[in-house]
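*Asks:* Attaching a single structure in structure tokens format; questions to follow.
The values are calculated or read from the model by the stated rules, or taken from the named source; none is laboratory data. Everything quoted here is computed from the prediction, not taken from an experiment. When we count neighbours, we look across all protein chains shown, and the Cβ atoms used for this are built from the backbone with ideal geometry, even at glycine.
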Amino acid sequence: MLNAATVRDALRQVKDPELDMNVMDLGLVYDVEVDGGDVRVKMTLTSPGCPAGPMITSDAYRVIRALEGVTDVNVEIVWEPYWTPERMDPKVRALMGL
């Protein structure tokens, strides 16, 4: 069944190529809304000038669109709140020594 948890699980396939970590563990996904087959994701990047931004956005769109029941996808890049390493999964942060 299509729900926010299913979308979040799918987004674990999307990696930031510079850090080689998925966007969920990095804390880049702020919100996931599912309304029927419409999925809306609010996410950020590690910095406004992130050169991998278009690729990350495209990958997020692709993995969500591939989910059963999805009819429309909107991936919105937001800058508030600004991303900091504190948003990372605590286990990942510890692994990186932060």
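*Asks:* Determine whether the range 46-58 contains at least one residue that is at pLDDT 95 or above, touching a helix residue (DSSP H, G or I) at 6+ places or on another chain (Cβ under 7 Å) and under 27 Å from Thr71 (Cβ atoms).
*Replies:* Checking the range 46-58: not a single residue is at pLDDT 95 or above, touching a helix residue (DSSP H, G or I) at 6+ places or on another chain (Cβ under 7 Å) and under 27 Å from Thr71 (Cβ atoms).
*Asks:* Residue by residue through the range 24-58, note down the ones that are closer than 19 Å to Ala5 by Cβ and not aliphatic (A, V, I, L, M). Talk me through it step by step, then tell me what you get.
*Replies:* Our first condition is that a residue be closer than 19 Å to Ala5 by Cβ; within the range 24-58, this holds for 24-43.
Hits for the range 24-58 are Asp25, Gly27, Tyr30, Asp31, Glu33, Asp35, Gly36, Gly37, Asp38, Arg40, Lys42.
*Asks:* Go over the candidates Arg62, Arg40, Arg87 one by one and state the one that is at pLDDT 90 or above and under 14 Å from Met21 (Cβ atoms). Steps first, answer last, please.
*Replies:* Values: Arg62 fails: under 14 Å from Met21 (Cβ atoms); Arg40 fails: under 14 Å from Met21 (Cβ atoms).
Matching residue, one of Arg62, Arg40, Arg87: Arg87.
*Asks:* Among the residues of the range 1-53, count how many are at positive phi and among the hydroxyl-bearing types (Ser, Thr, Tyr).
*Replies:* Qualifying residue count, the range 1-53: 0.
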